[in-house]
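Structure first, commentary second.
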Amino acid sequence: MDDGVMLVALLVATLRAAAPLILAGLGELVCERAGVLNLGVEGMMLVGAVVGFAASVTTGSPVLGLLAAMAAGAAMAAVFAVLTLRLHANQVASGLALTIFGIGFSALFGAPYQSHPITGLATLIFPNLSGAHPLLQQLLLVDPLVWLALAAPFAVARFLARSRAGLLLRAVGESAEVAHAFGYKVVRIRGFAVLFGGAMAGLAGAYLSLAYTPMWTENMVAGRGWIALALVVFSTWKPLLLAAGAILFGFVTIAGFQAEAWGIPVAPNLLATLPYAATILVLVLISRDTLRLKLNAPAALGKPFHPAG
Amino acid sequence: MLSRRSLLLAPAATLIASQAQAAGPLKVAYVYVSPVGDAGWTFQHELGRRAVDAALGAAVKTSFVENVEEGADAERVIRKLATDGNDLIFTTSFGYMNPTLKVAQQFPSKKFEHATGYKRAANVATYSARFYEGRYAAGVLAGRMSKTGVFGYIAAFPIPEVLQGINAFTLGARSVNPKAVTKVVWTSSWFDPGKERAAADTLIAGGADVVTHHTDSTAVAQAAEEKGAFSIAYNSDQSKYGPKTCLTAVTHNWNEYYIGRVKAAIAGTWKSGDVWGGVKEGMTKLAPYNAAVPEAVRKDVDGVMAAIGAGSRRPFAGPIADQDGKTKVAAGQALADKDIAEMKWFVDGVQGKV
């Protein structure tokens, strides 16, 4: 097969691998910009994956599946919001609990769906995928969710930087007391940010179970929620950097497979660590300015807000 | 007084114990490393447990604990099963080796069997299977079905068991197409559907028209179906994930082994030992062929399986060269079991690095 197809395949596979990281990461980024640290991304992704899958199988509509996944992710996030924002529970502990709950719940709920192969999103849209020319086949694999993952960082960046709501959200994340003193409803704003984070994590999970590997198996998210969380920090809470980091991570993973497929002799253990090493290195280099890092980190991140009086 | 009492009690206790064993059903327990699911390593052991139930009925009472982590948690679970009165306990993952031995020492009257391990005791037997024999036949099938002569092999970790499979597959393929090449991609994880999927996509884009895997999910069969490439699955039959393209699967089958061992335990003839069975013992089989496999190919592959079972064909019989072209096994010789068990190299025709 010619190298042109291989190159396109490399790019397409990179974007497909990066899409769930971008979607989940953006949700968490918005949540953290509002000052709430939610470590439940992995759990919300798993619940999104299983609910999206189940809804898609029972209704026959992947669109409904995606919506259900977003709702499920948001529902998980709502539990977290009540615990941390209303009851002032510790955010780290609550987030971890959310992940543990998500792993268990998705396994329980998903048990009857284990042996249900479905048609992937790309094949659903282009039924003739398996017979198409290799180059066209690759291009068709870029499904609508990947396009969404590519567009969303720009939208979120614009929202945070240019809109009044975005400004408010950041204000709440920087100093909840000041925002409160100005009469803004801190808990409500944080609540919306947390719900958005949950919905995006649910969507990312559903991308995995409906498009990337169209099936449900226990624990299929396999740590991507944690990678998304790390990307948020390493991107210094900037949407475009986050997307770049996710794409880089995907690229190095896929390029490693490609190198092996091409017959370049690299030790497999080294290849397995490369995506992490490369992403951390590049993002740290980009954001090595400590002052900028401090300025970017939401000052009130992880701190519970108790309105005085 | 104390000694007299214990003297009196000891035979009584033995009597009660032996009576209990004779009267009630034999209690057999299984420890699984992952959830049972509907395909994969643990699922095949569970099929074995169900086969024991079906074959021996009221004579046994079987149970299982799934998703038990290797390590300290395993020891707790195994000890609990022993205290609960299970007479025979199968621990079905490599990492249960030391916990099994430790608990077995504390319960000398109980019987234990540890899958894929190498440490034994008077009441701990080990068992494993030569899955590479099935892999060899799968290689022959891949060699006959492929147009490009390029195969993709998605593998988890470069340990002997995996290397045996890759080498046997390649040797099988080369026995019908001397120019066949197996491209190996490592995922560094037994279970990550996303990674397995991406690896399969990459290999197929790179010209592989048959892909196979040594990982635990069904992602590879699915990826191949989507791209219109052939796949050969592992562990369990995965035909529903690749109705048009999944040629067959190299499956694990513990049914006969488990039934035999439980029967022996009931009869009182159970002994510790090590079993490394293959096609002959029925421990590895090929799943039913896909409709895409022509009759002539089926006959040939069945013939290879039969020859391996009869011992007339040995996957690691010479001449075998390694990747550098150096002779590893001379013509007329075959690799010894010990060398197979410790395999750390690739045969000629494999593209990849250990």
field: the protein assembly as shown, dipole about Cα centre (Lys/Arg Cβ +1, Asp/Glu Cβ -1), debye to the nearest 20
entry: 980
- prompt: Using alpha carbons only, how many degrees (0 to 90, rounded to 10) separate the axis of helix B:2-23 from the longest principal axis of chain B?
  reply: 50
- line: Per the 1/(1 + (r/R0)^6) rule, R0 = 60 Å and r from the Cβ atoms of residue B:264 and residue B:333, FRET efficiency to 0.05 is 0.95
- line: With the label point 7 Å along the Cα-to-beta-carbon line of residue A:142 and a cut-off under 16 Å to each amide N, the hits in the range A:9-31 are A:9-20
message: From Cα pairs below 8 angstrom and at least 6 apart in sequence, can you work out the relative contact order of the range A:25-164, rounded to a whole percent?
response: 24
Distance (nanometres) between label positions extended 7 Å along Cα→Cβ at residue A:177 and residue B:54: 7.0
query: Quick one: Cα centre-to-centre distance for the range A:244-304 and the range B:270-328, in angstrom?
result: 43
- prompt: Roughly what % antiparallel, to the nearest 5, for the DSSP beta bridges in the range B:24-129?
  reply: 5
query: Magnitude of the Cβ-charge dipole of chain A, K/R +1 and D/E -1, about the Cα centre, nearest 20 debye?
result: 1140
- prompt: Under a GNM of chain A (C-alpha, springs under 10 Å), which listed residue has the highest mean-square fluctuation: A:90, A:296, A:128?
  reply: A:128
task: Treat each spin label as a single point 7 Å out from the Cα along the C-beta direction, and report the residue A:154 to residue B:280 distance in nm.
output: 6.7
- request: Just tell me, in residue order, which DSSP H segments of chain A are both 18 angstrom or longer along the helix axis (alpha-carbon based) and at least 1.0 in mean Kyte-Doolittle hydropathy.
  value: A:3-33, A:41-59, A:62-81, A:91-110, A:144-162, A:186-207, A:239-262, A:268-286
field: Cβ-based net charge around residue A:164, under 14 Å, with every Lys or Arg adding one and every Asp or Glu removing one
entry: +3
- request: Pull out a ≥ b ≥ c, the square roots of the eigenvalues of the alpha-carbon gyration tensor of the protein assembly as shown, then state rounded if a/c is under 1.5, prolate if not and a/b is larger than b/c, and oblate in the remaining case.
  value: oblate
query: In whole Å, what is the distance between the alpha-carbon centres of the range A:92-113 and the range B:26-103?
result: 25
task: Quickly estimate the mean residue ellipticity at 222 nm for the protein assembly as shown, helices only: each DSSP H run with n ≥ 4 gives -39500 (n - 2.57), and the total goes over all residues, rounded to 500.
output: -18000 deg cm²/dmol
task: Quick one: angle between helix B:193-205 and the longest Cα principal axis of chain B, in degrees between 0 and 90, rounded to 10, please.
output: 20
- request: With a Förster radius of 60 Å, plug the Cβ-Cβ distance of residue A:11 and residue B:307 into 1/(1 + (r/R0)^6) and report the FRET value to the nearest 0.05.
  value: 0.85
message: Please give me, ordered by residue number, the trypsin sites (Lys or Arg not before Pro) of the range A:146-245 that lie in loop per DSSP and have at most 14 other Cβ atoms within 10 Å.
response: A:185
- request: Starting from the amide H of residue B:212, placed 1.01 Å from N in the peptide plane, find each other amide H under 5 Å away whose residue is 5 or more places distant or on another chain.
  value: B:152, B:153, B:154, B:232
query: Which pairs in the list A:238/B:195; B:111/B:285; A:238/A:303; B:119/B:328 are over 25 Å apart, alpha-carbon to alpha-carbon?
result: A:238/B:195; B:111/B:285; B:119/B:328
message: Quick check on the exposure proxy: order B:64, B:131 from fewest to most C-beta atoms within 10 angstrom.
response: B:64, B:131
field: Amide hydrogen neighbours beyond the local backbone of residue B:249, cut-off 5 Å, H modeled
entry: B:233, B:287
message: Can you list residues from other chains, or at least 5 along the same chain, whose modelled amide H is less than 5 Å from the amide H of residue B:117?
response: B:127
task: Could you work out how far apart the two model spin labels at residue B:98 and residue A:296 are, taking each label as a point 7 Å from the Cα in the direction of the beta carbon, and quote it in nm?
output: 4.3
statement: Given a Förster distance of 35 Å, the FRET efficiency implied by the Cβ-Cβ spacing of residue B:244 and residue B:324, rounded to the nearest 0.05, works out to 0.35
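Values quoted throughout were computed directly from the atomic coordinates according to the rules given, and no laboratory measurement underlies them. Just so you know, these numbers come straight off a predicted model, no measurement behind them. We place every Cβ from the backbone using ideal geometry, glycine too, and count neighbours over all the protein chains shown.
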